[in-house]
Amino acid sequence: MGRDEQSLRETPMPRLLVVDDEESICFSMSEYFSLQGYKVDTASEIEEAEKLLGSTDYKVVIQDLRLTMTSNHDGLGMIKLIREHNPQTRIIILTAYGSAEIEDEARRCGADAFLRKPKPLSQVAQVVQGLIEAPSRHAARPA
């Protein structure tokens, strides 16, 4: 196969990871984004998400901030983890428990977008597409 043929190969489908402890949200997002041409993985707890993040390169992670009933802020740790290991991955926080303070803190940790539940999937999709098309402010810039 020549160089021109290789460059003409189709780009792979963007991969998304949805992290939410509500099964219905994982299911509906997986269905919706799969129909939009994305490859979607879901996780309902941090440990599961960490395993997936360690083995897969995601374009976008859509995550809830509150993944267990024991802590309000375990999602912030997830943001930091993603930033450390996958700086080019875009992060969208989707939560029902948002406040201005938590939104500011999430953005300081590295979140690219902060959305409040409930949010129509079409609006979430617009944010995802916008983040994929825009350059990441977290990724290392080539010299």
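The values are calculated or read from the model by the stated rules, or taken from the named source; none is laboratory data. The structure displayed is predicted, hence computed values, not measured ones. No Cβ is skipped: glycine too gets one built from the backbone with ideal geometry, and neighbour counts run over all protein chains shown.
Brief remarks on what is shown
- Test for L35: is it out of contact with any Gly (no Cβ under 8 Å at 6 or more places or on another chain), modelled with pLDDT of 85 or more, surrounded by 13 or more Cβ atoms within 10 Å (Cβ to Cβ) and among the aliphatic types (A, V, I, L, M): no
- For beta carbons closer than 9 Å, sequence separation of 6+ or different chains, a first residue in the stretch 104-132 that is touching a residue at least 40 places away in the same chain (Cβ under 8 Å) and a second that is among the small types (G, A, S) and in a helix (DSSP H, G or I), the qualifying pairs are A106/G75; L121/S28.
- Matching entry among R90, R66 (being in contact with a helix residue (DSSP H, G or I) (Cβ under 8 Å, 6 or more places away or on another chain) and either modelled with pLDDT of 95 or more or closer than 18 Å to L16 by Cα (or both)): R90
- Restricting the stretch 97-126 to residues that are surrounded by 13 or more Cβ atoms within 10 Å (Cβ to Cβ) and of a type in the set (G, A, S), the residue that is farthest from I62 (Cα to Cα): G98
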